[in-house]
Amino acid sequence: RARMGDDAKLPLGDIGSKLLFEDDEIRIWELRLAPGEVSSPHRHTCDYVIVDVAGDKVAAKAVPGYPSEYGDYIEAPVEQGHTIFLKQGSVETAVNVGEEPYRNVLVEFKATARG
């Protein structure tokens with residue numbers, strides 16, 4: 001169990017709920033969040049694409065103790081099939097701030113991974 005101290009940081013988890021596929025070049029994740037549910041804190045170590053599958057509103061929230069690429073909080077409407085490319089580096093939690101179950105598919109490009 002993590003405890004907060006001078007340099008203590010929360011342990012980071014997976015970027016998705018379920019790993020669907022992995023080879024030498026890509027990793028494909030599915031993320032499912034019930035309304036109000038928050039994902040594990042996670043770091044994006046590769047460039048990636050998110051494809052919205054279901055839901056109505058989702059947010060990304062910075063994790064205390066880690067630098068934030070996009071600010072402390074960003075919220076967006078969910079549009080089925082909407083696709084966005086994002087650069088590696090952010091440390092965050094995903095939050096379903098909507099009233100419907102949220103689901104996305106996320107593809108990580110391993111060639112861009114930071115060592």
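The values are calculated or read from the model by the stated rules, or taken from the named source; none is laboratory data. Given the structure is predicted, the values throughout are model-derived calculations rather than measurements. Cβ placement follows ideal geometry from the backbone for every residue including glycine, while neighbour counts extend to all protein chains displayed. For accessibility, only protein heavy atoms count, side chains too; no ligands or nucleic acids. Shrake-Rupley method; radii C 1.70, N 1.55, O 1.52, S 1.80 Å.
Hey, if you drop one equal point scatterer on each alpha-carbon of segment 7-70 and run the Debye formula without solvent, what base-10 log of I(q)/I(0) do you get at q = 0.20, 0.22, 0.23, 0.26 Å⁻¹? Debye curve over Cα of segment 7-70, log10 I(q)/I(0) at q = 0.20, 0.22, 0.23, 0.26 Å⁻¹: -0.99, -1.16, -1.24, -1.43.
Once the 1.4 Å probe is applied to the protein heavy atoms, segment 22-82 comes out at 56 Å² accessible per residue. Rolling a 1.4 angstrom probe over the chain with all protein chains present gives an accessible area of which 51% lies on carbon and sulfur atoms. Peptides 83-91, 47-55 ranked from most to least packed by the mean count of surrounding Cβ atoms within 10 Å: 47-55, 83-91. Reported to the nearest whole Å, the Cα centre-to-centre distance from segment 33-52 to segment 62-115 is 5.
Using the Kirkwood radius built from alpha carbon pairs, what does the Stokes-Einstein equation give as D for the chain at 20 °C and 1.002 mPa s, in µm² per second? For the chosen part, D equals 147 µm²/s.
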